[in-house]
Structures are given as C-alpha cells and as structure tokens.
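The values are calculated or read from the model by the stated rules, or taken from the named source; none is laboratory data. This is a predicted model, so every value here is computed, not measured. Methodologically, a virtual Cβ is constructed for each residue, glycine included, from the backbone with ideal geometry; neighbour enumeration extends over all protein chains shown. Heavy atoms of the whole protein, side chains included, go into the accessibility calculation; ligands, DNA and RNA do not. Shrake-Rupley method; radii C 1.70, N 1.55, O 1.52, S 1.80 Å.
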Amino acid sequence: MPHKGRLISRFGAEMLIEDEQGQIQRCTGRKKVASAVCGDHVEWEDTAQGNHIVSRILPRKNLLKRPAPGGKEKLIAANIDQVLIVLAYSMKANWDMLDHYLVAAHSMHATPLILCNKLDLAGSRQEQYDQTLSEYRDIGYRILSLSAKNNQGMEALLNVLSGKTNILVGQSGVGKSSIIKALHPMIDIRIGEVSEGSGEGQHTTSVTTLYHLPSGGELIDSPGVRDFRPGKLKQSDIEQGFPEFLPYLGSCRFHNCSHSNEPGCAIKEKLATGEILQRRYNSYLRLLNECAD
Ligand SMILES: Nc1nc2c(ncn2[C@@H]2O[C@H](COP(=O)(O)OP(=O)(O)OP(=O)(O)O)[C@@H](O)[C@H]2O)c(=O)[nH]1
Ligand SMILES: [Mg+2]
Ligand SMILES: [Zn+2]
C-alpha cells in the first residue's frame, strides 16, 4: 500500500516528503513524477531495498509556474491558497512585476496579498509607496505593511495565513525568508545580506521550501526573481487579473474587444475618465502582447 505525503522541498532527484504522521521521509522520484514540486500531495512507497520512492503526484488544485529559457516552464509550487507578493520600502518598487504576479495569482484561483516589508527603512520613500499601494487597495487588494526586523505587522499577517497554504514571492532581498523567521523564530532558515551598491539581494534562498506555522497554516519560501511573467494565458485570464476592468467588460461595442484599438471600448472610456489608471492599463496591454495565447 502506498503512503500519502506532501512534498516539502526537493534537491534534484531527492525529495523531502512529510508523511501523514508529520515525519520527514527522504525519497527519490520515479521518472513519471519528475515534475513534482513543493506543495504537491504525493504517494510514496517503501522498496524491498529499504528506500522510499515517490510513485504518483495526486491531482493538483493549482500550480504556480513561470516561463523559462528555451520555451520551457519552470514549475514553482502547487496547491496554493494565497500568493503573498513581497515588496520592500527600501528598494525601488517594480509595480509592473507586481501586476504580473497579480495576474498569475488570479489565473490560478489563489488569493493575492501584497506585503510591503522593511517599513523601518521607509523614510522619505514611504509616502510615494503608500500612494501607489492605496491605488491597489482601491482596486480591492489587501495590503499589509510590515517590518520583519521590528516585528511590525506580524500578528495581522499570521491571522491571514492560518489554515491556508501560502507562498512568498518577489525580488531577491525584499525579506521573504526574514518574514518566515519573524513568524517562527525557531526555524533554521538562511537570510542573506543585500548588496551595498544596488540594495538588492544576492539570491540567498535557492530551494523552494514549505514551513509549518505554529499557529496553523503553511508558508512556502521561494527563491527571489529578477523579473516575473505569468506565462501563456487567455485574454479572459489576463482580464481577471485586472478586477477594476470587470464591471465594464460586457459594455464594449464588440463582444470580443481586446480593449486595445477597437472603437466603442468601455475600458478605454474609463481610462479617459481616469477611473482606470494608465499604469494599470499599460500593464494589461503589455501582458496581452506578451502572454496572450
Ligand atoms: N531593516 C530591515 N531589514 C530587513 C527586513 N526584513 C529583511 N531584512 C534584511 O534584508 C536582507 C535580505 O533578507 P532575506 O530574508 O534574505 O531576503 P529574501 O527575500 O529571502 O531574499 P532571497 O532569498 O535572495 O530571495 C537581510 O539582510 C535581512 O536582514 C526588515 O523588515 N527591515
Ligand atoms: Mg530568501
Ligand atoms: Zn474593450
């Protein structure tokens, strides 16, 4: 009889599987489970030689992935309830990347949450950051300002994580691993320095890993990225990533309007009145050009 478990992390062919008793089992994977990723529910078996082998990936609720060189895809993690997109007040904001993550979260039917860390270093940048963050709040996104260093905002964060599988994503150095350490100080997790010149991180986390929170819920740490694209999507999936468009989508003159050049476009009308922001509209067009299937 196969056992059930959840993939905690993986180093090439070696997979750490948490069994139903909460014990970590070192396993290797059969060829057909080569695509297993952190967060996957799997079946594993004992072999006659005393090894453990992952034999099957159980059906996934969803999968976070991104395009990789050569037309391939890099699979990041599976079975995610909430995507926590992390920014840092101390670093130049990459709002385009935030929009790309939001689209990815919507397309996988996960709840996006925006975390802005390093509040203690915000200084004169805070006003500018909070101004743009309030635009996202107006659209309906939940935003939490934090300092992993000073433990600010951590209780509010813990409350929204409990009972769910959550993943931290974002640029290197924004403090993803530090947030896990602040929520669960007993965890042994590597924190990297940011480089003095650029203020960016040095890609300290290299393996996507699932951690349990003492108050319930799982939190996955992922390696920082330079840029993120959601991969190939249908136009309707891209639209879902722009909730401020949704009330107007049925009102364009053409039912298959792409909201780019067509006359009688309800989205462009709302752009003209300022109800839809130019920056967000530009993000939509960019994704439509680069990612539409
Ligand atoms: N001042 C301040 N520093 C922080 C805070 N959170 C994290 N840091 C620092 O930021 C640096 C990077 O933190 P990490 O947690 O390694 O960042 P990361 O996002 O996990 O980076 P990668 O693993 O490379 O993707 C470390 O020097 C942390 O001590 C914060 O709230 N305030
Ligand atoms: Mg890290
Ligand atoms: Zn339109």
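Of the conditions (1) over 19 Å from residue 83 (Cβ atoms); (2) surrounded by fewer than 19 Cβ atoms within 10 Å (Cβ to Cβ); (3) not assigned by TED's automatic domain parsing to the domain that holds residue 95, residue 245 clears all except one; give me its number.
(2)
Could you tell me how many of the residues in segment 249-265 are assigned to a helix (DSSP H, G or I) and more than 9 Å from ligand 3 (Cβ to nearest atom)? Quick ask: steps written out before the conclusion?
The first filter runs over segment 249-265 and keeps only residues assigned to a helix (DSSP H, G or I), leaving 249-251.
Right, trim to more than 9 Å from ligand 3 (Cβ to nearest atom) and you get 250.
The qualifying residues number 1.
Name, by its number, the condition in (1) within 16 Å of ligand 2 (Cβ to nearest atom); (2) of a type outside the set (A, V, I, L, M, F, W, C); (3) under 15 Å from residue 85 (Cα atoms) that does not hold for residue 141.
(1)
Charged (D, E, K, R) and within 14 Å of ligand 3 (Cβ to nearest atom): does that describe residue 270? Lay out the reasoning, then the answer.
On the way: charged (D, E, K, R): yes; within 14 Å of ligand 3 (Cβ to nearest atom): yes.
The answer is yes for residue 270.
Counting only residues that are free of Cβ contacts under 8 Å to residues at least 60 places away in the same chain, surrounded by 12 or more Cβ atoms within 10 Å (Cβ to Cβ) and closer than 28 Å to residue 284 by Cβ, how many does segment 203-240 have?
So the answer is 5.
Those residues that are under 26 Å from residue 229 (Cβ atoms) and open to solvent by 50 Å² or more (accessible area, probe 1.4 Å), I need them from segment 271-289; list them, please. First the steps, then the outcome.
Going residue by residue through segment 271-289, those that are under 26 Å from residue 229 (Cβ atoms) are 271, 276-289.
Those that are under 26 Å from residue 229 (Cβ atoms) and open to solvent by 50 Å² or more (accessible area, probe 1.4 Å): 277, 278, 279, 282, 286, 289.
If you scan segment 266-293, which residues turn out to be over 23 Å from residue 100 (Cβ atoms) and outside any helix (DSSP H, G or I)? First the steps, then the outcome.
Step one: of segment 266-293, the residues over 23 Å from residue 100 (Cβ atoms) are 266, 269, 272-274.
Within segment 266-293, 273, 274 meet the criteria.
Residues to consider are 129, 141; find the one that is closer than 20 Å to residue 97 by Cα and in contact with a Phe, Trp or Tyr (Cβ under 6 Å, 6 or more places away or on another chain). So that I can check it myself, show each step before the final result.
Values: 141 fails: in contact with a Phe, Trp or Tyr (Cβ under 6 Å, 6 or more places away or on another chain).
Of the residues listed, the single one that is closer than 20 Å to residue 97 by Cα and in contact with a Phe, Trp or Tyr (Cβ under 6 Å, 6 or more places away or on another chain) is 129.
Based on this model, can you work out whether residue 121 counts as of a type in the set (A, V, I, L, M) and more than 23 Å from residue 193 (Cβ to Cβ)? Please lay out each step first, then the result.
On the way: of a type in the set (A, V, I, L, M): yes; more than 23 Å from residue 193 (Cβ to Cβ): no.
Considered against the rule, which asks whether it is of a type in the set (A, V, I, L, M) and more than 23 Å from residue 193 (Cβ to Cβ), residue 121 comes out as no.
Take residues that are among the aliphatic types (A, V, I, L, M) and without any contact (Cβ under 8 Å) to a residue 24 or more places away in the chain and tell me which of the strands (runs of 3 or more DSSP E) falling wholly in segment 1-118 contain 1 or more.
Passing ranges, in order: 14-19, 24-29, 63-68.
Determine whether segment 169-186 contains at least one residue that is assigned to a strand (DSSP E or B) and within 19 Å of residue 120 (Cβ to Cβ).
Keep residues of segment 169-186 that are assigned to a strand (DSSP E or B), which gives 169-171.
From what is left, the residues that are within 19 Å of residue 120 (Cβ to Cβ) are 170-171.
Yes, because at least one residue in segment 169-186 is assigned to a strand (DSSP E or B) and within 19 Å of residue 120 (Cβ to Cβ).
Looking only at segment 144-161, how many residues end up being open to solvent by 50 Å² or more (accessible area, probe 1.4 Å), assigned to a helix (DSSP H, G or I) and either acidic (Asp, Glu) or within 16 Å of ligand 1 (Cβ to nearest atom) (or both)? Break it down stepwise before answering.
Filtering segment 144-161 for residues open to solvent by 50 Å² or more (accessible area, probe 1.4 Å) gives 149-152, 155, 159.
Checking which are assigned to a helix (DSSP H, G or I) leaves us with 155, 159.
After this cut, where a residue has to be either acidic (Asp, Glu) or within 16 Å of ligand 1 (Cβ to nearest atom) (or both) as well, the list is 155.
Count: 1.
For the subset of segment 208-248 comprising residues that are part of a loop (DSSP other than H, G, I, E, B) and within 15 Å of ligand 3 (Cβ to nearest atom), which member is nearest to residue 71 (Cα to Cα)? Explain how you work it out, then say what you get.
First, pick out the residues of segment 208-248 that are part of a loop (DSSP other than H, G, I, E, B): 208, 213-217, 222-224, 226-232, 234, 241-245.
Those left that are additionally within 15 Å of ligand 3 (Cβ to nearest atom): 242, 244-245.
Numbers: 242: 26, 244: 31, 245: 30 Å.
Ranking the candidates gives 242 first.
Of everything in segment 271-293, what is in contact (Cβ under 8 Å) with a residue 24 or more places away in the chain and within 18 Å of residue 138 (Cα to Cα)? Give them in sequence order.
Restricting attention to segment 271-293, the residues satisfying the condition of being in contact (Cβ under 8 Å) with a residue 24 or more places away in the chain are 275-277, 279-280, 283-288, 290-293.
Correct list: 275, 276, 277, 279, 280, 283, 284.
Inspect segment 198-207 for any residue being within 11 Å of ligand 2 (Cβ to nearest atom), assigned by TED's automatic domain parsing to the domain that holds residue 178 and among the aliphatic types (A, V, I, L, M) and give the result as yes or no.
From segment 198-207, those within 11 Å of ligand 2 (Cβ to nearest atom) are 201-207; that's our starting set.
Then keep just the ones that are assigned by TED's automatic domain parsing to the domain that holds residue 178; that gives 201-207.
Subset that is among the aliphatic types (A, V, I, L, M): 207.
Yes - at least one qualifying residue is present in segment 198-207.
Being within 16 Å of the chain's Cα centre (by Cα), open to solvent by 40 Å² or more (accessible area, probe 1.4 Å) and assigned by TED's automatic domain parsing to the domain that holds residue 116 narrows it down to one of 176, 181, 164, so name that one. Full working, then the answer.
Working: 176 fails: open to solvent by 40 Å² or more (accessible area, probe 1.4 Å); 181 fails: within 16 Å of the chain's Cα centre (by Cα).
So the residue among 176, 181, 164 that is within 16 Å of the chain's Cα centre (by Cα), open to solvent by 40 Å² or more (accessible area, probe 1.4 Å) and assigned by TED's automatic domain parsing to the domain that holds residue 116 is 164.
List the pairs whose first member sits in segment 175-192 and is free of Cβ contacts under 8 Å to residues at least 24 places away in the same chain, whose second member is in a loop (DSSP other than H, G, I, E, B) and within 9 Å of ligand 2 (Cβ to nearest atom), and whose Cβ atoms are under 6 Å apart, counting only residues at least 6 apart or on separate chains?
The qualifying pairs are 190/204; 192/201; 192/204.
If you take the residues in segment 184-202 that are open to solvent by less than 80 Å² (accessible area, probe 1.4 Å) and touching a strand residue (DSSP E or B) at 6+ places or on another chain (Cβ under 8 Å), which one is nearest to ligand 1 (Cβ to nearest atom)?
Within segment 184-202, the match that is nearest to ligand 1 (Cβ to nearest atom) is 201.
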